[in-house]
Structure formats: structure tokens, C-alpha cells
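These notes concern the structure reproduced below.
The values are calculated or read from the model by the stated rules, or taken from the named source; none is laboratory data. Small disclaimer: the values here were computed from a predicted structure and weren't measured. Quick reminder, even Gly has a Cβ in these numbers, built from the backbone with ideal geometry, and neighbours come from all protein chains shown. Side chains included, ligands, DNA and RNA excluded: accessible areas come from the protein's heavy atoms. Shrake-Rupley method; radii C 1.70, N 1.55, O 1.52, S 1.80 Å.
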Amino acid sequence: MPSTPRLAMRATTLDISDAEARAGAERLVARVSDEDASLWSDDAGQRAEIANLLGWIRIAERLEPEADAISEWAARASADIDDVVLLGMGGSSLAPEVMAAMLPAAAGRPRLTVLDSTDPATVRRVSDAIDLARTLFIVASKSGGTLETATLYATFRARYKERGIPDAGSHFVAITDPGTSLARRASDDGFARTFLNDPRIGGRYSALSYFGLVPAALIGLDIATLLTRAVEFGQAALQETDMAKNFALRMGLALGDLEERGRDKLTLVLSPTTAPLGAWIEQLVAESTGKQGRGILPVDGEALGDPSVYGDDRVFVGMSVGDEALDGLDALAEAGHPVIRLTMSDVHDLGAEFLRWELATAVAGWMLGINPFVQPNVEESKANTARVLEGVMGGASPLSDQAASESGEALRVSGASGMTAAQAVTAFLDATAPGDYVSIHAYLDRTPAHEARLQRIQTSIRDRTRLATTLGFGPRFLHSTGQLHKGGPNRGVFMQIISDHREDVPIPGEAYGFATLIDAQAEGDLRSLRDKERRVLRLGASEPAAALDELAAIVETLS
């Protein structure tokens, strides 16, 4: 038996004995260990599909022997480099972002910038902040054809030609599956290296694969220790049949059991050290479980409040490292809310934490009776975006109901003639009911100032409605919580915020720029939400900071 896992789990006000009995009767541990696809479907076709998506279960074991070689290559590749810019979305970018924020980097290594936005101001800011001659780009896409990644690659590749910098291909590294268009492009364009990932791993389960490890190694993180911790934890989790000691599968049983009881809002209470992990958990859980009218909504970034501001649809998961304090959890438990506490011994337990959540999410999917490895509704928004862009080529606007901006108002209502922003927001939130959740979709430049304003709005809505409230920047969230918004329970009310663009950045080879692209993505998602009969309010911002301040003031006056 492997050594005792380093990651602790403690639950209060939580009885999942029925779920544990079911797990024992159906040999859950052995079947997960055997990568038995029949756990998640009785259909032969679906079982075959699922079997080809379980490579993540032991990827740490397979890559652990490569850790030193990857790190040695990364040290050479990052010499004389100041910046590593990762062009990727969702599962191709979130894990490296977490690692860079949580783990100590070797001295003298480049900084990592994750560019997962099509907002022209964001693209311009990243471009202006780097010296192309001293930058290495990672182009990461499992499918090889991710729209955002492809357009960003084309944009930065053209910069080298414009500025007369020779051997542009040496500034690019690809991470993709075998046989993709990106793999072919990397060969044709002379990339410095291409890492072909195990194709049996879906994007959001790829943290411990090349998608997570290569960017981490380039900025000097200790990927060997990360993998070793994951291997030790995984070996224990795949052998331990006593659910009281199985800190991965038991959490999945708890989350699935609580969803069935109506506690489907997974509220993350994260210490300062673990806070970056929230966005990765959000994508993993939402995109995996949100389908067939079921789903667990992860709530990341809500400031912890008094127990009185929460409804009875919550489960709280607190995460910390070592002796870090998490104030407020005891009061929540005393008020009758289920509370799960997770503790890492040190930050390099992050490798084990990635695997814990992947296993728990897969088990929660088994409890819910859904396939946690597909994301059908994500593709719907992508298809809608493509149709919008086809219309743009014919001269149409990408936005169906953008209010005229000449009114001079910072915040305006789109598609709601005769209503002020205050009237529309008030009516929108007044129509919610217990068990609903509010999701803010901000198609804005993701700056600290904008994020702080939006978090103020998020907390105010929660306090005044007692509803779980989430926040996502577009198009980033489309590769994360977007699946749950359309495929999960029809309990979401969606506040979409779009912006007038003061600048644009052209996309090489296209007749439109990034301003049109991000507007088309907002429009494509709006159509998907309305097709699913979701409740949506679109707001326009002529000047984002002033508009967000106005929206915060409106929300704070609600009774």
C-alpha cells in the first residue's frame, strides 16, 4: 500500500453513507483504477468514446520519468528569453496559470503571460509589453483549431515579419494532439518544438500532461516534485477501498450526493495561497457536470459572507496550505451548511490536488448519471460565433441588439426599449427565485481594476438576493462555465456586459479585427443562451470603468 496521502480532507455536517455503500457495491475504486468506461454509460458507443478519454488517470505516472528531460530542454529553450506567452484557452491555459501563481520559480527564468482573450485592448497590452526578439510563444490547443488560439498565433507571427526579425518559427512551441492542423502548421512554419500530447486526455483533465508541464518547466517550476506528489496520491486513491480514507473519490461522492439533495452550488473558500486554483476548479467541475439538466455550479471569487446571506443550495469547500487560517467556515457549519476542508502540506502538493479534483469530478459525474468527459454545448456557442462572423463578411453587425451609444450614458440597456439601466437591472434581479444563480459575463479587458469593480458587483448581488453569483470574462469563460450555463439546470440568470471598443487590432488574413471577433463571440453565446430559453440581460458600456461603477451603485440600492 502506498504511503499515507499528504492531502487531508475533513467534512462537517455531512452524511454520505448511502453513496459510500453504493460505491462499495459497484466496486467504484477498482473500476476507476481499471479505467472502466462502463461506469459512466451503458451505451456501447459512448463507452468507446469515454474509454478514449481516460488517459489522464495515470498520465503523471507515464510522464514522471520525462520530468528531468523536459526541465533540461526548458532551461535551454528559455535562455536569453524574458517572456513566455501562452496562447491557449480553457484546459490549455488554466493549469499553467495556476502553477505560475502558486509555485516558486527558479531565479532568472522568464515570466509567464497567459493570453486567453480576444479583447483588442488586452491583445494590444500584451503585444506592447514584450520584446518579440526575447519572447517564446506557446501555441496550445488539443484540437489544433481553437479559434482564439489560431487568430492570436496569426497576429503575433505576422509581427515578426513586420519588424524584420528573422527565424520567426524559433520563437514558437506547439502543444497539441497528434495529427491536428496545429501539428502540421508547426512543422510547416518551423516551430522550435512540438509536444504531442496523449490524445486520450480531454482539455480540462490535462493539467498533469504536456499542456500543464511544458509552460511550467519553461518558467523554472519544479515539475518533477509536482509529478511525484501526484503519483503518490494517485496510487493511494486507486487502491484505497475505505472511503473514509480515500480523499479523492470520497469528495466526488460527497459532491454528487449533495447535488441530488439540492446543494448544487459548490462555493470555494480559498486561502491567499490557494486562491489561483479556483479558476481551474471552476472549469473542471462546470464543464464536466453541467449537462442533461444536471450540474454542479462552482462559485469562485465570492467574498465569504455571514451565513445569513446564503440559501440552502450551498456546499462550501475550504482550501489552505499548512497552517493557513480560513475564518468563517466554522460559522457556516454551525448554521447547518455542509463544509469540506482540504489541506495541502505545501505548495508542491498542487500536483496531487489537480489529480484529487479530476478524480472527484469524474466520480461526481458517475453519481449524477452523466458523461463528464464531453462538452456538447460549448460547440453550440462556437458554431453560433461562426455564423455571426459569416454575417459580418456580408456586411451585418456582429451584435443583434446593441443600444445606440450616442446617448452619452456610461451604462445602457440593449434590447430593452424605454427602460433605464437601473429599471432593467432591478426588474431582472427581482424576477429571480431561490435556487437560481446569477452569472456575470463581462466581455471586457481583464484588468485588475475591472475585476475589482466586477467582484464588488458580484458580492452586492449575492448579499441582496441570497443567490450564488459567478463572474466570468469573455471569451475565457466560454471554455469553462459556458457548458453548464446551457447544459445544466435552467436556474441561471445571465448579465452580459459588452463594451464599445476605442481601438481595434487587425487579424491577419481576415476582413475583421479582434473587436468584431469578441463581439461575435458575445453574440454567439447570447443566441445559445436564448435558444436554451435562459434569462439574459445585455448591458452596454461606453466606458467600462464608469459603467461598472454605475452598475455597482444600482445593485447596492436594491432592497
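Residues of segment 487-504 that are touching a Ser or Thr at 6+ places or on another chain (Cβ under 7 Å) and either open to solvent by 10 Å² or more (accessible area, probe 1.4 Å) or within 14 Å of residue 120 (Cα to Cα) (or both): 500 alone. State the number of residues belonging to segment 105-114 that are out of contact with any Ser or Thr (no Cβ under 6 Å at 6 or more places or on another chain) and either within 13 Å of residue 159 (Cβ to Cβ) or of a type in the set (Val, Ile, Thr) (or both). Counting residues in segment 105-114 that are out of contact with any Ser or Thr (no Cβ under 6 Å at 6 or more places or on another chain) and either within 13 Å of residue 159 (Cβ to Cβ) or of a type in the set (Val, Ile, Thr) (or both) gives 1. For segment 460-480, the set of residues classified as assigned to a helix (DSSP H, G or I) and crowded, with 21+ Cβ neighbours inside 10 Å consists of 461, 462, 465, 476, 477, 478, 479, listed by residue number. For beta carbons closer than 6 Å, sequence separation of 6+ or different chains, a first residue in segment 270-291 that is part of a loop (DSSP other than H, G, I, E, B) and a second that is of a type in the set (Gly, Ala, Ser), the qualifying pairs are 271/320; 276/101; 290/487; 290/488.
All of 86, 94 fail the test of being of a type outside the set (Phe, Trp, Tyr) and in contact with a Pro (Cβ under 6 Å, 6 or more places away or on another chain), apart from 86. Yes or no: segment 532-545 includes at least one residue that is touching a Ser or Thr at 6+ places or on another chain (Cβ under 7 Å), of a type in the set (A, V, I, L, M), assigned to a helix (DSSP H, G or I) and modelled with pLDDT of 95 or more. Looking through segment 532-545, none of the residues is touching a Ser or Thr at 6+ places or on another chain (Cβ under 7 Å), of a type in the set (A, V, I, L, M), assigned to a helix (DSSP H, G or I) and modelled with pLDDT of 95 or more. When the criteria are applied in full, residue 216 meets the requirement of being outside any loop (DSSP other than H, G, I, E, B), more than 27 Å from residue 513 (Cβ to Cβ) and among the aliphatic types (A, V, I, L, M). If I filter segment 242-260 for residues that are of a type in the set (D, E, K, R) and touching a Ser or Thr at 6+ places or on another chain (Cβ under 8 Å), do I get at least one hit? Within segment 242-260, one or more residues are of a type in the set (D, E, K, R) and touching a Ser or Thr at 6+ places or on another chain (Cβ under 8 Å).
Restricting 121, 107, 133, 101 to those that are open to solvent by 10 Å² or more (accessible area, probe 1.4 Å), in a loop (DSSP other than H, G, I, E, B), among the hydrophobic types (A, V, I, L, M, F, W, C) and more than 13 Å from residue 214 (Cα to Cα) reduces the list to 107.
For (1) surrounded by fewer than 19 Cβ atoms within 10 Å (Cβ to Cβ); (2) more than 16 Å from residue 336 (Cα to Cα), each residue gets a yes or a no:
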| site | (1), (2) |
| --- | --- |
| 266 | no, no |
| 275 | yes, yes |
| 295 | no, yes |
| 318 | no, no |
| 323 | yes, yes |
